[in-house]
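Working notes, structure below.
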Amino acid sequence: MTAQDSTASTAPSIDYQFRDDADVIAFARQHVGARYPAFATAEELQVEEIGDGNINYVYRVCTPDRSASVIVKQGLPWVRIIGESWPLSLVRVRIEAETLQFEADCAPDLVPALYHFDEARSAIVMEDIGDHRNLRHAFLERASLPRLGEQMGRFLATTLYRSSDLALDAHDKKARVARFINPDQCKITEDLFFIDPFCDHERNSINPALRADAEALWQDAALKVEVAELKQRFLSAPEALLHGDLHAGSIFVREDSTKVIDPEFGFFGPAGFDIGSWLAALWLAACAHTELEGEQGDKRDYVAQLRAQAVASWESFAREYREQAAHTSDASFAAPGVAERLLARMLRDALGYAGCELIRRTVGLAHILELESISDEATRARAERRALALGRELIMARESLSDIDAIDALVARHLA
Ligand code: SR1
Ligand code: MG
């Protein structure tokens, strides 16, 4: 069973865990009654568990007519889909709340509003963005999302710039790095991104029709050296406060609007990690669409749209980043040419991390709905093979790639 299609665990409750629906409702009523008078006065509120993520429990609490609703998210000290055998520190819930608030300060239109964080119950209450749908489903339906690339570029540019040394006072930056130390979440990424896919690990989930390709990957010594270098930077380059898990499942969309959720993997790391994770989300969906059902012409058009979103994301990111960097008050970073140097570094890193994400979503533990929706194993293997080959080339060639159009041409070659 892959991580994305697992069901809730049967782990026993602990003292602060919500006991039942009434408990969730009372919690929501207590913390947003002032904001939503309907919550304070309505005799009956309704609750439904809506979480389909791997790690936490997520509930929607609403009035019977659904005119007012909020989301309550609770973390327990283990991974939801695995249970107590995979313990997980609760520091992630505070970090999620604080990262969400930071992101809201940077780009309030691109995240749900944080209403309340309760440390004792490891729970967050936030805005319900139920008029948006998960980007994975939008991708599957080949939704046209004309503003997605521009909006994601802006999200990345504002969060990554405003948490960097170009924007923050030296002492403030270091205090923040310390406050966002998130070892258990980082260890998940260190293992699932950089180790498991490159060896015969028991956590891996591999399409039998792709087995030979996975085995070839495990023998690829040159690739492992590059992946180790990317991991080393992930571990030791506190450039900016990352979202840390920027895949399509962490994004909700309407045609005109984008909302990024779930920053529980937040920590200070290399800025290219978030950028690369996002680019890989688009390229993974494109790989899936080469083999998903549909008219050839429609599929080709959608693959081209996804590629164009990646180009638009980078262009939007680079434009916004340059604009902000022009106002840095740090004398070193204000020197002509520095912003361009940093952008080039971020792009190279992004390609490397995108490559790792393409590979780990294909042969690692946590797969993606877009690829898993291809039911025939041999057909799915053709799409997965594209993801592996694209991922490998991005990692191996990243130092020589500096132009987004050349990168797009490389991607197009793998998707042809
Ligand atoms: C056990 S957690 C598996 C994956 O789900 C999260 O969303 C992260 O992407 C993690 O790698
Ligand atoms: Mg998540």
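The values are calculated or read from the model by the stated rules, or taken from the named source; none is laboratory data. Computed from a predicted model, the values in this text were never measured in an experiment. Note that we place each Cβ from the backbone using ideal geometry, even for glycine, and neighbour counts take in every protein chain shown. Note: areas computed on protein heavy atoms with side chains; ligands, DNA, RNA excluded. Shrake-Rupley method; radii C 1.70, N 1.55, O 1.52, S 1.80 Å.
Round to a whole angstrom and tell me the spacing of the C-alpha centers of region 298-331 and region 168-219. Value for the Cα centre distance between the two parts: 25 Å. The chain has equivalent-ellipsoid semi-axes of 33, 26, 21 Å, by the square roots of 5 times the alpha carbon gyration tensor eigenvalues, sorted largest first. Expressed as a whole percent, the proportion of Cα-Cα pairs in region 1-158 lying more than 24 Å apart is 41%.
Taken along the Cα-to-beta-carbon direction at a fixed 7 Å, the label points for Asp109 and Glu44 span 3.9 nm. For the chain, a Gaussian network of Cα nodes joined below 10 Å ranks Lys259, Lys187, Lys73 by mean-square fluctuation, and the top entry is Lys187.
Determine the sum of side-chain charges near Asp298: Lys and Arg each +1, Asp and Glu each -1, restricted to other residues whose C-beta is under 12 angstrom from that of Asp298. Charge balance near Asp298 sits at -1. Listed by chain and number, the lysines whose alpha-carbon sits under 17 Å from that of Lys259, ignoring those within fewer than 8 places in the same chain, are Lys73. For Gly269, the shell of other residues with beta-carbons less than 12 Å away shows a net charge of -3, using +1 for Lys and Arg and -1 for Asp and Glu.
Go through 209-222, 275-288, 380-393 and give me the packing order, highest mean Cβ count within 10 Å leading. Before the final figure, lay out the partial values.
Values: 209-222: 14.1, 275-288: 28.6, 380-393: 22.4.
Per-residue Cβ counts within 10 Å, averaged per peptide and sorted highest first, yield 275-288, 380-393, 209-222.
Using 0.36 nm per residue and subtracting the Cα-Cα separation, the extra length available between Glu229 and Ala143 on full extension is 27.3 nm. The share of accessible area on the chain that comes from carbon and sulfur is 50 percent, using a 1.4 angstrom probe.
Once the 1.4 Å probe is applied to the protein heavy atoms, the chain comes out at 41 Å² accessible per residue. Here Lys224 is the anchor, and the lysines within straight C-alpha reach of less than 21 Å, apart from those fewer than 8 places off in the same chain, are Lys187. Add +1 for every Lys or Arg and -1 for every Asp or Glu among the other residues with Cβ under 14 Å from the Cβ of Ile14, and state the total. After counting each charged neighbour, the total is 0.
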